[in-house]
Amino acid sequence: MVENDRVIWDVVDVGNDFGLKSTANLLEPLDYSVIDKEPILEGYANNYRIACMLYANVLAYNTEHVKGTPTSWVDFFDTEKFPRGRGLHKSPSETLEVALLGDGVSPENLYPLDVDRALGKLDTIRDQIVWWESAARSQQQIADGEVALISAWNGRMQTEINAGAPVEIQWNQNLQTADYLVVPKGTSHKDEAMKLIAYCVSAENNYRLSNFIEYAPINKESISKVDAQVAPQLPTAHREVGVTYNAQWWDNNREAVMKRFNKWVMS
């Protein structure tokens, strides 16, 4: 839209790989005289994007096919202790982090990612991998027992738990990241876009998303407003055992790593 000067979107919800240096030329700077970024969790707001929800990539498992409790990503790669298939997102982002954590890399030494080591670890379970490319597919895989363990987004896994599926989440080493709101360059409603973003990330409103799916408010002043029964199921309740996703590293390395990952998948 920006490149063709036909911008019809005013505010866009984007993934964790958008709104940094490589895509800044497509976006309007955010107006922080309108948007209050002070209560936003540290590291989740910059000149061109501000997070609207915190989510986590977690280890989930089917209790009908797993005896015992997997305790970390190391167990995810232990196919003798926990046999059957493994669900993984067909994307290097988050998947390579899981592989390195599963190979014993400590969270503080995770970045820069050792891509060769990560792919080598994935090689050890290549025959057990069942890829998912849509979140709905990840839900189906784990709920139906097509895989015994899966690397997937916590809200989608919790949806299956809430529906009665034999699924549990292991929060240890959950990989925390976010969705962001951005404003495309050239929008004719820039002032209104800033006001909408301010509304969405405000202390008064940010928690409301958690009423519909178990993703967390990013506004620290909004966290306490989450329903008490839902709060323990959110990434904000598990930050002390979480690992922070490094979006900047991915922005600097995405293209080369994607080529390497896709070549490995096809090999």
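Annotations
Per-residue answers, yes or no, for (1) surrounded by fewer than 23 Cβ atoms within 10 Å (Cβ to Cβ); (2) among the polar types (S, T, N, Q):
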residue	(1), (2)
Asp13	yes, no
Ser22	yes, yes
Glu28	yes, no
Tyr32	yes, no
Asp36	yes, no
Pro39	yes, no
Tyr48	yes, no
Cys52	no, no
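- Gln229 vs. criteria modelled with pLDDT of 95 or more and out of contact with any strand residue (DSSP E or B) (no Cβ under 9 Å at 6 or more places or on another chain): yes
- Matching residues, region 192-226, being farther than 21 Å from Asn154 by Cα, free of Cβ contacts under 8 Å to residues at least 60 places away in the same chain and either of a type in the set (Ser, Thr, Tyr) or out of contact with any helix residue (DSSP H, G or I) (no Cβ under 9 Å at 6 or more places or on another chain) (or both): Tyr199
- Every residue from region 54-79 that is among the polar types (S, T, N, Q) and in contact with a Ser or Thr (Cβ under 7 Å, 6 or more places away or on another chain): Asn57
- Checked against (1) surrounded by 15 or more Cβ atoms within 10 Å (Cβ to Cβ); (2) assigned by TED's automatic domain parsing to the domain that holds Ile35, Phe212 passes all but condition (1).
- Residue in region 161-178 that is buried (at least 18 other Cβ atoms within 10 Å of the Cβ), β-branched (Val, Ile, Thr), in contact (Cβ under 8 Å) with a residue 24 or more places away in the chain and part of a loop (DSSP other than H, G, I, E, B) present: no
The values are calculated or read from the model by the stated rules, or taken from the named source; none is laboratory data. Note that the structure is predicted; figures quoted are calculated from it, not measured. Glycine gets a Cβ as well: all are built from the backbone with ideal geometry, and neighbour counts include every protein chain shown.
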